Each structure stands twice: as C-alpha cells, then as structure tokens.
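For reference, the structure discussed in these notes is given below.
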Amino acid sequence: MTTGLSILYSFPVLVSLLLPNLTICNASEPWNLTIWCSRTPHPRICESRVQHIFPHDISLEHFEQATMILAIQEAVNATKIIWQNVYNLKTEREKTRWKSCSNHIDAAIHDLATAISAGSDDGRQDPLNKALTSVAECYKESVRGKIKENHLEVISSHLYKLVENAIAVNNSTITSSMEVERNLSGKQENGYAQIKVVVAKDGSGDFKTIKAALDTAQRRADGRFLIHLKKGTYNEYVVIPSHLNDITMIGDGIGKTIITGNKHSGHNGIDTYTSATFAVEASGFIAQGITFRNTAGSHGGQAVALRSHSDHSAFYKCSFEGYQDTLFLFPGRHFFRDCDIYGSMDMICGDSTAVFQNCNIFLRKHTGDDVVITAQKRSERDGSSGFVIQNSRVVLTEELRPLGGVRVFLGRPWGKFSRTVFMKTYLEGISRQGWRDMKQNRDGNLVYYAEFENTGPGADTSGRIKWRGVRVIDEKEASEFTVGRFLHGSSWLPATGIPYDSDL
C-alpha cells in the first residue's frame, strides 16, 4: 500500500485527536473570523474554509490550528484525486508525473502534521515552510502533465494558498501585533495622525518582521503609518498591497538595514514580476535609509530588487542592488533622491514616470556582452511615462574594469515610444553610440532619447546622433523634464520631507 493511501486512512484519526483540543482551548479573547482572515495572504479562501469548523468568533489558538488542519484536509483531497485517476492515464509518463506529485503531497502532509504537534509557533515555521516547498513541486508536475481537466492543478493551487495562510498566522508575532495595535491606535505625532512601530531582528522593537508590522498597519486609523526598521538583514519578500496607502519605512542607513531575497525568473515558476524582493502597490509610499537587495547574481536572469506600482512614491538615501531588472517600475510617479542603484542589464525598467536626482548608478558585469542602464516601456505616442536621470553619476564597478569587449549603453526601447533623458550627469564607460535597439522593438525612430549637458568620459555625443531617435536637447527643451513638469505636479514632494531640485 502506498504512503498516500495509508495517510487517507490515518487522517480521520488525526483530526479526531485535534478537534477536541480546539474546542476546549480558550486562552485568548475571540475575534471575528473576518478580522483574523484579513491577516492572511489569501483572506477569501481562509474565511470560506475556516467557518466550516468555527462558524462564529474564534480565538487565536483555534485559528492557528484550524489553518493547519485545513491544509492537511486539502492535501488529503488532492491525494484522493490522484489515486482515483492515476490508473486511467494513458501513458507511463503521465502516471509517473501523477505519482511524483503524490509523493510531494505525502511529504507535505507529514510536515503539516509535524507542525500541528509542535509546542510553539517558532517550532511550526520550519515544517510549514517545507510543506510549502513540497506543494510547489506538486504544482509544477501538474502543470507539466496538462491535467487541468482532473482538477489537480486547481487543488494544488488551493493547497498552496492554505499552507501560505498557515505560515502567515503561525508565528510568534501575531499575538504581539494585537497588543501593539491596541496600544498605538490613534497615536498622534507631528500634529497629525501617525502610528509608529519599530521592527528589530533582535527583538528590541514591537515586531521582529516587516510583515508583522504591515499586518498592524492594515487596521490603523487614517494617517501616515511610520515603520522604523532597525539595522539588520531581513530575509523577507514584502508586498505593500494597494489598499495600504501612506506607509513610511525608515531604516538605519544603506548597508545597515537590508531587505534581501534571491528569487529570479525561470526558477520554480517565478517570472520577472514575482521575483521582486520588495513590491509596492499602494500610493504614497516613502522609504529612507534602506538597502533593497536581490542576490540571484549575474547568472540569475531577471531578478528584481524593487517592484513599484505606487503613485507618488519617494525613495531617499536608499540602495537597490541586483543585476538584471533591478528596479521594475510600473505606471505611476516615482522620485529617487541620493540613491545607489546597482545592475547590469535593463537595471531601471518599466512603463512609469520616474525622476532620479543625485543618484549613483553602479554598472556591474553581465553574463552577456552588453550592459544597458534603462529599458523604458512607453508604448503609446501620447503616453506620459519616461525616465529622467538628473545630476547623477554613472560609474563602473571594479568587476567591470577593464571593459574589454563589454559595451555599455544608456538605454534600449522596451516600448515603441520609449522615453529617457540623461541631464547634467557624469557618464563613465558609455559607448559612442550611447543607445541601442531591442530585439522585440527595432523601430528606433519613434523613441525619445535625449542628453543635456552631461560630463565625463562617456558624455561625448558625436556618435549619438547617428543612432535613430537620439537628440541633444537645449535648455528650453530640457526644462520640460524638470521635477515639477515631468512628474505632472510635484506638490506631493514637500510633504515627504525629501529634498529635491525643482529646476535644472
């Protein structure tokens, strides 16, 4: 008998042992199920499933264990589907994939059971993370096997979400977040509503993780929410969701407060979008004194350090470290001041409106022949997006010296009407051509690539105008790209407290 089938028989016994413990435990004050589920990455599936076990208010202890039991329940359902269908498959290759998927789910069930029996929240994290990895492997097999019609892909997707929910709530920060939230609600700072919390890896703050601080931010009153990230390396993948506006994160400085990850495109179903270490989808985000890092390396392909969908986002004295697609900027207005940006290929990319002032752009060695700074993606002639790099420095890192056969370009057109301007910036190592085309967009005549009063050994424009779409602009035309005009109103910048140059 297979391991998967034996688990089917033992699962009812496991649940019967656990459910009585759930009904008698009453160590914490009950909260409405909707409130608890709002703390999870997937609140809809959380609420719909948990209410079958606890239809009314629920305590934290009940909720934590319920999320794990639901994940086991879903895993067993997936195992049933596999063994009900595997012998009807036509080829041995398909059967092998299904059986491989079953083995991954068996491992997940074992780890979920281990997590439930753990005596503390900290003891649950490792087996829960292992279970999530196993489910991800099953999902890959289901996609490869093209077995959507048998619902295994849907089941494994639901299972992945349930395990993610269990990981999110079974940690030592959930309980403390309730207390902090109650204590800080309505606190006033600087004359307006602002809640301030401290995140510290060493436990000296209100929370140990950024995720826990953001959970509290979701239930704040109106006003800006300030998070102080004390020095330390935070191995977290952070998303600021679209409804969580007006978040400020202040670190202890570049290289001191570090948020890091290593996801990259092409690994475990990850694409460029989902590779981001830190993602901002809400408006009004401000960051200061933080290093955002993706350590996938020069061989990792697209590996984003920061992805931003935000409007009116501002970054001050921050560092963004990666190789390909370091900064992935979506529609919205973004401002970067006194920042360091490391990369090699398309290191600043996307269809956004962004201004970079007094920034250092450090060029790294790439696995290919070319190094390209920007890949702006304006796709409509009347689109308002574009990049402006002003009063900044473009320099080679030691790993790129000497250049040898490597060519360095200011940009290439990801979008047909790509627009990028370098002005009053020190340029080092730039090839005489300056700009290049892109495989999927070779019509360079429609782009707007401009340079104005740049300096340094890479600022010679004598070879630029021979390439399509490039122009050397005068002061009148350059004034179109100052902060106030190009960002379509910079009235929001003074409120950030970040210095900026409004003129040339």
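The values are calculated or read from the model by the stated rules, or taken from the named source; none is laboratory data. The structure presented is a predicted model; accordingly, all values stated were derived computationally and were not measured. A quick note on method: Cβ atoms are made from the backbone with ideal geometry, for glycine too, and the neighbour counts reach across all protein chains shown. All accessible areas refer to the heavy atoms of the entire protein, side chains included, with ligands and DNA or RNA removed. Shrake-Rupley method; radii C 1.70, N 1.55, O 1.52, S 1.80 Å.
How many residues does segment 265-290 hold that are within 16 Å of Ile341 (Cβ to Cβ) and over 14 Å from the mean Cα position of the chain (by Cα)?
4
Select from segment 230-287 the residues that are among the aromatic types (Phe, Trp, Tyr) and under 27 Å from Tyr160 (Cβ atoms) and write down the one among them that is surrounded by the fewest Cβ atoms within 10 Å (Cβ to Cβ).
Applying the filter and picking the extreme gives Tyr273.
Hey, can you tell me all the residues within segment 315-332 that are open to solvent by 10 Å² or more (accessible area, probe 1.4 Å) and part of a loop (DSSP other than H, G, I, E, B)? Explain how you work it out, then say what you get.
So the first thing to find is which residues in segment 315-332 are open to solvent by 10 Å² or more (accessible area, probe 1.4 Å), and the list is 316-317, 321, 323-325, 328, 330-332.
Passing the criteria: Lys317, Tyr323, Asp325, Phe330, Pro331, Gly332.
State which residue pairs qualify: first residue modelled with pLDDT of 85 or more and inside segment 397-411, second residue surrounded by fewer than 14 Cβ atoms within 10 Å (Cβ to Cβ) and assigned to a loop (DSSP other than H, G, I, E, B) in any location, beta carbons under 8 Å apart, and separation of 6 or more residues or different chains.
As it stands, the answer is Val406/Asp369; Arg407/Asp369, since those pairs meet every condition given.
Looking at (1) open to solvent by less than 30 Å² (accessible area, probe 1.4 Å); (2) in contact with a strand residue (DSSP E or B) (Cβ under 8 Å, 6 or more places away or on another chain), which one does Gly297 not meet, given that it meets all the others?
If we test Gly297 against (1) open to solvent by less than 30 Å² (accessible area, probe 1.4 Å); (2) in contact with a strand residue (DSSP E or B) (Cβ under 8 Å, 6 or more places away or on another chain), just (2) comes out false.
Go through segment 413-427 and give me each residue that's under 12 Å from Arg393 (Cα atoms) and either open to solvent by 30 Å² or more (accessible area, probe 1.4 Å) or β-branched (Val, Ile, Thr) (or both).
Lys424, Thr425, Tyr426
Can you tell me which condition Glu179 does not meet? The list is (1) in a helix (DSSP H, G or I); (2) over 28 Å from Leu112 (Cβ atoms); (3) at pLDDT 80 or above, and all the others hold.
Here Glu179 clears every test but (3).
Regarding Arg401, is this residue open to solvent by 10 Å² or more (accessible area, probe 1.4 Å) and more than 18 Å from Phe320 (Cα to Cα)?
Yes; evaluated as a whole, the condition is true for this residue.
Every residue, every condition in (1) touching a residue at least 12 places away in the same chain (Cβ under 8 Å); (2) not small (Gly, Ala, Ser), yes or no:
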| site | (1), (2) |
| --- | --- |
| Gly251 | yes, no |
| Asn262 | yes, yes |
| Asp271 | yes, yes |
| Thr274 | no, yes |
| Ala282 | yes, no |
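What's the total number of residues in segment 450-504 that are over 21 Å from Arg419 (Cβ atoms) and open to solvent by 70 Å² or more (accessible area, probe 1.4 Å)?
6
Of all residues in segment 88-102, which are in a helix (DSSP H, G or I), touching a helix residue (DSSP H, G or I) at 6+ places or on another chain (Cβ under 8 Å) and either of a type in the set (S, T, N, Q) or without any contact (Cβ under 8 Å) to a residue 40 or more places away in the chain (or both)?
Lys95, Lys99, Ser100, Ser102
Can you find a residue in segment 65-75 that is modelled with pLDDT of 80 or more, closer than 19 Å to Ala113 by Cβ and of a type in the set (Ser, Thr, Tyr)?
Yes - at least one qualifying residue is present in segment 65-75.
Please work out if Lys466 is at pLDDT below 90, in contact with a helix residue (DSSP H, G or I) (Cβ under 6 Å, 6 or more places away or on another chain) and not hydroxyl-bearing (Ser, Thr, Tyr).
No.
For Val372, state whether it is touching a residue at least 24 places away in the same chain (Cβ under 8 Å) and under 23 Å from Gly404 (Cβ atoms).
Numbers: touching a residue at least 24 places away in the same chain (Cβ under 8 Å): yes; under 23 Å from Gly404 (Cβ atoms): yes.
Spelling it out, Val372 is indeed touching a residue at least 24 places away in the same chain (Cβ under 8 Å) and under 23 Å from Gly404 (Cβ atoms).
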